[in-house]
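**Student:** Quick one: structure below, then a few questions.
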There are 2 protein chains.
Amino acid sequence: MTVPPPTGRLYGIGLGPGDPELLTVKAVRLIQSAPVVGYFAKAGRRGNARGIVDRWMTGNAEELPLYYPMTTEHAFDSPVYVTVLAAFYQNAVAAIASHLDAGRDVALLSEGDPLFYGSFMHLYMRLRSQYKVTLVPGVTGMAGCWAAAAEPMTWGDDTLLVASGTLPLSGLIERLRGADAAVIMKLGRNFAKVRIAVQEAGLLSRAIYVERGTMENEIVVPLAEKTDDTAPYFSLILIPGQGRRP
Amino acid sequence: MTVPPPTGRLYGIGLGPGDPELLTVKAVRLIQSAPVVGYFAKAGRRGNARGIVDRWMTGNAEELPLYYPMTTEHAFDSPVYVTVLAAFYQNAVAAIASHLDAGRDVALLSEGDPLFYGSFMHLYMRLRSQYKVTLVPGVTGMAGCWAAAAEPMTWGDDTLLVASGTLPLSGLIERLRGADAAVIMKLGRNFAKVRIAVQEAGLLSRAIYVERGTMENEIVVPLAEKTDDTAPYFSLILIPGQGRRP
């Protein structure tokens, strides 16, 4: 009788905001030693995560791309979308588990930080009770954006609010009014609404729009000077704090 | 006539949450190439920042420790404290400027991320109009702590609140009630008050206390099971979000 190998370990690895040099030393080491490297991508694309690690890949790992289903035709809270996405996660979990069961470690890549709005978390919650997991925190996208804007975000006792542009207008305004500093993510089709919320909360003159922070084609512009309503996935609005300064 | 050298560049470098492997590749490269490496420390101590980079120092750089004045005998908002601290920052700026004026780049270390509650910001604001600056974002202390706790922090549309334990009790409770996920920093002597605020906001059962996350002697414990009121500088409370999950 052969003894089965011990199961592999899952690594959840934060890749940082986009600049390949903003991976941590630990992330690079683990990506280069893992026999399997998994990452999310849109069908037919290589994906942002795979692009960020390109210079760090040794060519020795088996790559496991996890292709998102095309979902643009369904609203994110529709029953169809939820069903399609749940099936996608279940298939991704099965693909990863088959490697882990065969004793192969899997490094699963996550843009930014793996536990901060990351798709990684959906797989992690389904795998963590059965497998050993190591989590490697990363530089968040928002930290990359405020470095690109070169503006201190929070001072002393400042409260920071991180909110999604998907919130209703009244909820956004209310939350923004109570914050000293704020980050608004998930702009996309919510951009025009978010701009109104920032203005209504009296924060337009302090707000900065950042697109693709730390990446080659980054854009930093005062929100008041951005005249169009186009905002891709990798964009957010920063409202730096103005707290106590000795 | 000799031409003066071009002035040096200031690097504001995030060191991450404490594990020396959680520096970014870019941070290590810049620390190893800088002729001068500056860092904050308490008088008579080497300081946490210098400890984190110990394995990365080549021995070729001039070290510029910036020793904080002893301030425990004054409240942080007392006029004496503000005056003493302003003088300290002014002296630190002068020491850094003399290197930059002589054409030497200075890498100034910052635990966590340099623009997120960092002392670095006080020097940066006094230097940025006169010198070239490069900012290198880092993994925040809070991201290190939620990786240590192994808990996803924010899902989908979750709102994240980052608040300081120095806020008054009523303000803390009010802000916590409006958040889906929260991080409370600066515990120290505010710990007992913060625990009451978490309980009053109905969040005690979800709250996690993390001390020295990603460092060798890290502690992760449910807040409800922490029976003493001692919390050092490197500690915080996490309340993970519970947002929408397909």
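The values are calculated or read from the model by the stated rules, or taken from the named source; none is laboratory data. The structure displayed is predicted, hence computed values, not measured ones. Heads up, the Cβs are rebuilt from the backbone with ideal geometry, glycines too, and the neighbour counts pull from every protein chain shown. Keep in mind that these areas ignore ligands, DNA and RNA; they rest on the heavy atoms of the full protein, side chains included. Shrake-Rupley method; radii C 1.70, N 1.55, O 1.52, S 1.80 Å.
**Student:** So how exposed is B:V82, as accessible area in Å² (1.4 Å probe, rounded to 10)?
**Tutor:** My reading of the accessible area for B:V82 is about 60 Å².
**Student:** So, one more: When the distances between all Cα atoms of the stretch B:70-203 are binned every 10 Å from zero, what whole-number percent does each bin get?
**Tutor:** 10, 29, 31, 22, 8, 1
**Student:** Work out the length of the dipole vector of the protein assembly as shown about its Cα centre, built from +1 on the beta-carbon of each Lys and Arg and -1 on the beta-carbon of each Asp and Glu, and round it to the nearest 20 debye.
**Tutor:** Once rounded to the nearest 20, the dipole reads 120 debye.
**Student:** Anything over 19 Å Cα to Cα? Flag those among A:K186/A:K226; B:K186/B:K226; A:K193/A:K226; A:K132/B:K226; B:K42/B:K193; B:K42/B:K186, in the order listed.
**Tutor:** A:K132/B:K226; B:K42/B:K193, as the Cα separations exceed 19 Å there.
**Student:** Provide A:Y67, B:Y209 ordered by accessible surface of protein heavy atoms (probe 1.4 Å), highest first. Let's see the in-between values first.
**Tutor:** Working: A:Y67 115, B:Y209 0 Å².
Sorted by accessible area, descending: A:Y67, B:Y209.
**Student:** Here's something else I'd like to know. Carbon and sulfur atoms: what percent of the 1.4 Å accessible area of chain B do they account for?
**Tutor:** 51
**Student:** So, one more: Of the beta bridges DSSP finds with both residues in the protein assembly as shown, what % are antiparallel, to the nearest 5?
**Tutor:** So the antiparallel bridges amount to about 35 percent of the total.
**Student:** What helices in chain B pass both tests, a Cα length along the helix axis of 20 Å or more and a mean Kyte hydropathy of -0.5 or higher, using whole DSSP H runs?
**Tutor:** Qualifying helices, which must be both long enough and hydrophobic enough, are B:79-101.
**Student:** Percent of alpha carbon pairs in the stretch B:126-246 separated by more than 20 Å?
**Tutor:** On the way: 3197 of 7260 pairs.
The share of Cα pairs beyond 20 Å in the stretch B:126-246 comes to 44 percent.
**Student:** Any idea what the B:E21 label distances to the other copies are, label 7 Å down the Cα→Cβ vector, nm, shortest first?
**Tutor:** Sorted ascending, the copy-to-copy spacings read 2.3 nm.
**Student:** Could you tell me the calculated FRET efficiency between B:D101 and B:M57, based on Cβ-Cβ distance and R0 = 25 angstrom, to the nearest 0.05?
**Tutor:** FRET efficiency, B:D101 to B:M57: 0.55.
**Student:** Here's another thing I want to ask about it. What are the distances, in nm and sorted shortest first, from the label point of A:S129 to the label points of the same position in each other copy, with each label point placed 7 Å from Cα along the Cα-to-Cβ direction?
**Tutor:** Computed spacing set for this position: 6.0 nm.
**Student:** Distances from B:G202 to the same position in the other copies: list them in nm, one decimal, shortest first, using label points 7 Å from Cα along Cα→Cβ.
**Tutor:** Nearest first, the other copies' label points are 2.9 nm away.
**Student:** State to the nearest 20 debye the size of the charge dipole of chain A about its Cα centre, where the only charges are +1 on K and R beta carbons and -1 on D and E beta carbons.
**Tutor:** Value, rounded to 20: 420 debye.
**Student:** Using helices alone, I'd like the mean residue ellipticity at 222 nm for the protein assembly as shown: each DSSP H run of four-plus residues gives -39500 (n - 2.57), total over residue count, nearest 500.
**Tutor:** Using -39500 (n - 2.57) per qualifying helix, the result is -9000 deg cm²/dmol.
**Student:** May I ask which residue of A:M185, A:A148, A:I196 lies farthest towards the positive end of the charge dipole of the stretch A:112-202, with charges of +1 (Lys, Arg) and -1 (Asp, Glu) on Cβ and the Cα centre as origin?
**Tutor:** Positive-end residue among those listed: A:M185.
**Student:** Another question, if that's okay. So how strong a dipole does the stretch A:128-207 carry about its Cα centre when Lys and Arg Cβ are +1 and Asp and Glu Cβ are -1, to the nearest 20 debye?
**Tutor:** Details: 9 positive and 6 negative charges, 99 e Å.
Rounded to the nearest 20 debye, it is 480 debye.
**Student:** Follow-up. Under 16 Å Cα-Cα from B:K26, which lysines qualify once same-chain neighbours fewer than 8 residues away are excluded?
**Tutor:** A:K26
**Student:** Buried accessible area for the B:A pair, summed, 1.4 Å probe, in Å² rounded to 100?
**Tutor:** 4900
**Student:** Further question on the same structure: B:M215 accessible area, nearest 10 Å², 1.4 Å probe?
**Tutor:** Spelled out: B:M215, probe radius 1.4 Å, area about 30 Å².
**Student:** Per residue, how large is the accessible surface of the stretch B:76-233? Use a 1.4 angstrom probe and give square angstrom.
**Tutor:** Accessible surface, normalised per residue, equals 39 Å².
**Student:** Please name whichever of A:A163, A:L115, A:V53 sits farthest to the positive end of the charge dipole of chain A, dipole taken about the Cα centre and charges placed at Cβ: Lys and Arg +1, Asp and Glu -1.
**Tutor:** Of the options given, the answer is A:L115.
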